[in-house]
Amino acid sequence: MADISVKYMGLDLKSPIIAGSCSLTSDVAKVREAEAAGAGAIVVKSLFEEQIHSEAGHIAGQSHDYAESADYIHYFVRQNSIDSYCENVRQLKNATGIPVIGSINCYTDGEWIKFAKEIASAGADALEVNIYSMPVSLKRKSADVEKEDIAIIKDIVKAVDIPVSVKISSYFTALPYFIDKLASVGAKAAVMFNRFYMPDIDIDRMEIVPSSPFSSKDEYVKELRSIAIVSSLVRNIDISATTGIHSPESAVKEILAGATTVQLCSVLFKSGMGVIRDFNSFISSYLDKHGFGSLREITGRLNYSSISEPDKFERTQFAKIFGTAK
Ligand SMILES: Cc1cc2nc3c(=O)[nH]c(=O)nc-3n(C[C@H](O)[C@H](O)[C@H](O)COP(=O)(O)O)c2cc1C
């Protein structure tokens, strides 16, 4: 059987398959199942700064005490949320032998640093920073948003002594430049791409409604091209693929494009943690079938600079391919 172990952000993983951040990965029993099925690592559900503020705001709103009590409520809820998150990380570390990657999503400078430090002291092996807030202003320029993001990552990397990855959106005009900047400030991996909550519209009730939180099996192509381009242009950063990876075949495609690891989420809700076993055995048999001894030999084998016609990744318009389609 071919070796499917990988080094991701300097961590030794037995498999490139990671159980991605979601409610399943905060659950000790589920994480044990993931480990038994051969997961390389897990990313714990994110600690969301926004959620802490809204919870504190809700409690403070119900309080009829003096206004100063709102500050205390905020402080208490915030500390309590960080403490329970760190306790969860400790429990997961005690329950499993695979790397446990903490995850944060914040939007205030100082908060990121505090959360990151506490999660690192709780024993997380690495930290995934989920860094996106929807710009809803005519005054915020894209270059400024990117600058702020880079500054935050730089500060977090300086503050903790565990590897830091950055889970990003696909909404970038010049993605290779941004990821190169992430690498230059010390990020060890880029997780491409987060799939956000998507609002939809109910046209009869005239209301905003949530669309499905789960991806479909064809969505994996969304990151495939970008992974192929970034993995060939940017040095010193690993890539972890996420979104739409429902089959072992799509996992192999992401690896051929240049991903070191592959994160699963929707498929774990649909088929259970046991599906990780199928991914591992397919990847191993794939390597055997094609005469490769290790995953390293196929990682990025079909990336932008490794193929004879790189313009296949540059082409974005349908003109040539479907120009004559009837
Ligand atoms: C129910 C649910 C909860 C999620 N929670 C988080 C989270 O806390 N933090 C995060 O970074 N991503 C979260 N995600 C996003 C997933 O980690 C993943 O990036 C995304 O679902 C795309 O992968 P998939 O196509 O395999 O589902 C969540 C996704 C789902 C469906």
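Some observations on this one:
- Within region 156-165, tally of residues that are buried (at least 18 other Cβ atoms within 10 Å of the Cβ), more than 16 Å from the ligand (Cβ to nearest atom) and outside any loop (DSSP other than H, G, I, E, B): 1
- Only a single item in (1) within 16 Å of Ser15 (Cβ to Cβ); (2) touching a Gly at 6+ places or on another chain (Cβ under 8 Å); (3) within 12 Å of the ligand (Cβ to nearest atom) is not met by Val267, and it is number (2).
- Positions within region 119-155 being crowded, with 16+ Cβ neighbours inside 10 Å, closer than 13 Å to Ile101 by Cα and not β-branched (Val, Ile, Thr), in sequence order: Ala120, Ala122, Ala124, Asp125, Ala126, Leu127, Glu128, Asn130
One line per residue, one yes/no per condition, for (1) within 17 Å of the chain's Cα centre (by Cα); (2) within 14 Å of the ligand (Cβ to nearest atom); (3) on the phi < 0 side of the Ramachandran plot:
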{"site": "Pro213", "(1), (2), (3)": "yes, yes, yes"}
{"site": "Asp218", "(1), (2), (3)": "no, yes, yes"}
{"site": "Ile245", "(1), (2), (3)": "yes, yes, yes"}
{"site": "Pro248", "(1), (2), (3)": "no, yes, yes"}
{"site": "Ala251", "(1), (2), (3)": "yes, yes, yes"}
{"site": "Thr260", "(1), (2), (3)": "yes, no, yes"}
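- In region 14-47, the residues that are in contact with a helix residue (DSSP H, G or I) (Cβ under 8 Å, 6 or more places away or on another chain), more than 13 Å from the ligand (Cβ to nearest atom) and over 12 Å from Ile98 (Cβ atoms): Pro16, Val28
- For region 262-277, a tally of residues being more than 17 Å from the chain's Cα centre (by Cα), in a helix (DSSP H, G or I) and crowded, with 16+ Cβ neighbours inside 10 Å returns 2.
- Of the residues making up region 281-301, just one is closer than 24 Å to Lys222 by Cβ and in contact with a strand residue (DSSP E or B) (Cβ under 7 Å, 6 or more places away or on another chain), namely Leu295.
- For beta carbons closer than 7 Å, sequence separation of 6+ or different chains, a first residue in region 96-108 that is more than 16 Å from Val28 (Cβ to Cβ) and a second that is basic (Lys, Arg) and within 16 Å of the ligand (Cβ to nearest atom), the qualifying pairs are Ser103/Lys45.
Every number in this text was worked out from the coordinates using simple rules, so none of it is lab data. Only a predicted model underlies this, so the values are computations on that prediction, with no experimental measurement involved. Using ideal geometry, Cβ is built from the backbone for each residue, glycine included, and neighbour counts are taken over all protein chains shown.
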